[in-house]
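Structure first, commentary second.
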Amino acid sequence: MLHKVKPMTRLISIVALLLVATVSSGCSYNTFVAQEEAIKTQWGQVENQLQRRNDLIPNLVATVDEAAAHERGTQTEVARARAGLSQAREQLKSAVEGNAGTNEVSRANAAVSDNLRLFLNVSVEAYPQLQANQNFRDLQAQLEAQARIVSEAMVGTTQRVLVESPSRKLDTELQGRTANNRVVNFPGAPALINTYVDLRITAALSHSLRGEVL
């Protein structure tokens, strides 16, 4: 025998379903917001470490300038490298302080790394005595330590990586670089070489990162 569902009972059921859907939707949204905030906080920590390394560079430049004061002859290459480094530092500072996107900050930091490497190379070549300068060596050590802290701060973040080649460590893995020039090794198929992939950084090693494809 069939029983008719009373209109009021049907209305209550519909309202109950709507309430469940609303609560479920609210929970999903809250979870999404929490995840977004966690990502922003984590990237903020990376930016703080990038800025700390950036702040160390003027001390290194001053040490080189001090050595240059005792040298004669042209200093064109050192001056050019110093100018490039100074410009790159300002661009990174502007990107961090202006709350630029992660890609822009990463590119600015990569430019700082490249210009810093060039500045160190031409400075040591022009002024070999710098290698015996304790202040110069201490500043180099501080910059290297800060670079390691930056790598550690990247653990747990998502990075867009250009896949370059098979890994030099394991035949079953690939090697790529992040936008800020960090080497990343991760499991992946050879078909990914010469493409961009999104990786979650899982570990920071001495001279590289490890990740997994999302």
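A short reminder: the numbers here are calculations on the coordinates, not readings from a lab. In this text, all values refer to a predicted model and were calculated from it rather than measured experimentally. Cβ coordinates were reconstructed from backbone atoms using ideal geometry, including for glycine residues, and neighbour counts include every protein chain displayed.
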Net charge near Asp198, counting Lys/Arg +1 and Asp/Glu -1 over other residues with Cβ under 13 Å of its Cβ?
+1
Which value results when the Cα radius of gyration for the stretch 130-214 is divided by 2.2 N^0.38 Å?
1.26
Rounded FRET efficiency, nearest 0.05, which uses the C-beta distance separating Ala83 from Arg160 and R0 of 22 Å
0.15
Contour minus Cα-Cα distance for Asp114 and Glu97 (0.36 nm per residue):
4.0 nm
